[in-house]
Amino acid sequence: MTDYGTLLRDHVTLRCRCIDRIFLQAYAPKLQAVGDVCTFLRWQRKFPIPSSAAFGKIGEQYIKAVHQFAKSNGIPMVHFEKGQDKEETARPYLEAAAREGKDRVVLIGTAQEKASVWRSWPRKGQEKARHPHMDWGREMAFISHFYFYVWDSEWGKTFWKTNAYAPWPIWLWLNGHEWAKRQLDKWPIPYQALDNGFLSCQDAAALQKICDDLGPDAVRSFFARWLARLPSPFTEADIKAGYGYDLAFRQFEVSDTCVFDRPQAGRMWFEGVIRDHLDVGRPDQIALIFHRRVNCRTPGRFRTRVITEGVDPTLCCYYRSSRIKQYFKEGRALRTETVICDTHDFDIGRRVCAQNWNALRAVGQSANRCLCDAEAADAQPAPDVATFCQVTRPSTTNDGLYAPGLRFGEQRVMAILAALVGFCYLIKGFTNVQLVERAGALLQLSYTSRQATYDLRRLKRKGLIDRIAGTHRYQLTSLGRRVAVLFTKTYCRVLAPGLTALDPRLPEDVAARNPLSTAWRSLQKALDDFVDTKMIAA
């Protein structure tokens, strides 16, 4: 059977890196503080008493404007019940608009949902005053929300969600693959779609360039265009006074898609990867592929899950509020997606600007690449015989320093290499303390920091690890990972179970069920018989 590294190299017809789903929130910067709220109501809208009741009146006017907008443009309005699939409800409307190819709102959905809103109440002791001073705060309340499902000539199917109460946030959903499809249509360049992706493209280089060109300017252009067309709680006077919106990231997905030439090749690749990494890579620790360190004070859960619902499995790796998802898309393509749900997880700002956009794209592409590279590199890790001998036997470095051998099968060596092959050390490396913790757990014996220092020294002199400049952390080299994977696979999958099968103390009924045990005992009996018949009596 072809190894999965070769499948990914030789049986892929299209590779495409693209920003996938983008979930943004638009907020009014001048309505985020109590003083700004009171200024807006008292001086901009001329309410004698700035209170939440005034916001209620503005909200009622906005609701009327939405209904009038729907009536004037012949847009159907649907009330979403709890648990109703909103996307499925809007799908036929969006598909009809796509065939028409005209920018328009195809559906307006309404729902009662919870949101954070501004509330006011009379200050203590002034409940009966004619003009009481008000205290303000943010509270969660059930209020009217509106879903504007939009077909846009630049972005395809999108939705725009807002509510009828201050500070009137807007949630915006876009898809980078849909944007790329619209650009290909303009050139035009023939392509075949794969859900929110591509199955084939006549000019793969042009497709990749289009995907790389997607930036924040296209998002801001879309937002400005539809903000001017849709109803708004802000009047023209409010906008002139600076009561506009800024955009912030809520979710940012970066995808890497590899389309296989036939479905069987893709299934072979995915099954091979999952089977091969159940023990190599320590998948429960894969979260650190996100370039961040996890310690006891880091909030959130960090784990890898292999979801086996249906026919095709899905590999999910979690880091804080972000994750990597790897799955077999529509039976044809390997899709690796990095989903960033909180930009602060990577010390990146939330505001939509070129700097933050590029930083998020770099994080996503790096995480996708690291995961795929590690999986592919683990497929054929075996070094040559000379390298194997150099690692396992004592040697000297170019500086004349003595490097003790790392003997294959030695308990301590095998525990160290099994600990270091984990995906968690791909980016940020590991420390002496982490080596003590993980190798000690595998050894189930006392393993001290002093012993780890000795082992780190010989690993470094053998060229298996490097020290990260300016830190007390180490990282496996390319050779180091190949050696560690080879030793771990051979020891855990061949040597240990093989020696168990050859154990003469193995019960006969158990040995009979193992082909290796049966063959070995037959050979052993034949050898004994041969020796007995050929021996010369004393």
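Within segment 462-485, if we keep just the residues that are at pLDDT 85 or above and buried (at least 21 other Cβ atoms within 10 Å of the Cβ), the residue that is farthest from VAL421 (Cα to Cα) turns out to be LYS462.
Scoring GLN444 on the criteria (1) at pLDDT 85 or above; (2) open to solvent by 60 Å² or more (accessible area, probe 1.4 Å) leaves a single failure, condition (1). For segment 33-71, the candidate set comprises residues that are among the aromatic types (Phe, Trp, Tyr) and touching a residue at least 24 places away in the same chain (Cβ under 8 Å); within that set, the residue that is farthest from ALA111 (Cα to Cα) is PHE40. Cβ-Cβ under 6 Å, sequence separation 6+ or interchain: first residue in segment 102-124 and touching a residue at least 24 places away in the same chain (Cβ under 8 Å), partner outside any strand (DSSP E or B) and open to solvent by 70 Å² or more (accessible area, probe 1.4 Å). Which pairs? Matching pairs, first to second residue: VAL106/TYR93; LEU107/TYR93. Condition first: farther than 25 Å from THR387 by Cα, β-branched (Val, Ile, Thr) and assigned to a helix (DSSP H, G or I). Can you find one or more residues in segment 479-494 that meet it? Scanning segment 479-494, I find no residue that is farther than 25 Å from THR387 by Cα, β-branched (Val, Ile, Thr) and assigned to a helix (DSSP H, G or I), so the answer is no. Please tell me if ARG412 is outside any strand (DSSP E or B), surrounded by fewer than 17 Cβ atoms within 10 Å (Cβ to Cβ), out of contact with any helix residue (DSSP H, G or I) (no Cβ under 9 Å at 6 or more places or on another chain) and not aromatic (Phe, Trp, Tyr). It is false that ARG412 is outside any strand (DSSP E or B), surrounded by fewer than 17 Cβ atoms within 10 Å (Cβ to Cβ), out of contact with any helix residue (DSSP H, G or I) (no Cβ under 9 Å at 6 or more places or on another chain) and not aromatic (Phe, Trp, Tyr). Selection of segment 101-131 for residues being at pLDDT below 90 and within 12 Å of ASP152 (Cα to Cα) yields GLY101, LYS102. Could you check, for segment 304-316, whether at least one of its residues is at pLDDT below 85, closer than 23 Å to VAL352 by Cβ and open to solvent by less than 40 Å² (accessible area, probe 1.4 Å)? Scanning segment 304-316 turns up no residue that is at pLDDT below 85, closer than 23 Å to VAL352 by Cβ and open to solvent by less than 40 Å² (accessible area, probe 1.4 Å).
In segment 493-503 there is at least one residue matching the filter, namely being of a type in the set (A, V, I, L, M) and touching a Phe, Trp or Tyr at 6+ places or on another chain (Cβ under 6 Å). Selection of first residues in segment 512-528 that are open to solvent by 90 Å² or more (accessible area, probe 1.4 Å) and of second residues that are in a helix (DSSP H, G or I), restricted to Cβ pairs under 7 Å at least 6 apart or on distinct chains, gives the following pairs, ordered by first then second residue: TRP520/LEU502. Scanning segment 2-22 for residues that are of a type in the set (Val, Ile, Thr), modelled with pLDDT under 95, open to solvent by less than 80 Å² (accessible area, probe 1.4 Å) and closer than 14 Å to PHE198 by Cβ yields a single hit, VAL12. Checking LYS46, LYS57 one by one, the residue that is open to solvent by 80 Å² or more (accessible area, probe 1.4 Å) and not in a helix (DSSP H, G or I) is LYS46 and no other. Evaluation of ALA96 against the conditions (1) surrounded by fewer than 17 Cβ atoms within 10 Å (Cβ to Cβ); (2) part of a loop (DSSP other than H, G, I, E, B) shows that the sole unmet condition is (2).
Among the residues of segment 447-456, some residue qualifies, meaning at least one is buried (at least 18 other Cβ atoms within 10 Å of the Cβ), of a type in the set (Gly, Ala, Ser) and either assigned to a helix (DSSP H, G or I) or within 36 Å of the chain's Cα centre (by Cα) (or both).
The values are calculated or read from the model by the stated rules, or taken from the named source; none is laboratory data. From a predicted model like this one, the values you see are computed outputs, not experimental measurements. With ideal geometry, Cβ positions are generated from the backbone for all residues, glycine too; neighbour counts draw on all protein chains shown. All accessible areas refer to the heavy atoms of the entire protein, side chains included, with ligands and DNA or RNA removed. Shrake-Rupley method; radii C 1.70, N 1.55, O 1.52, S 1.80 Å.
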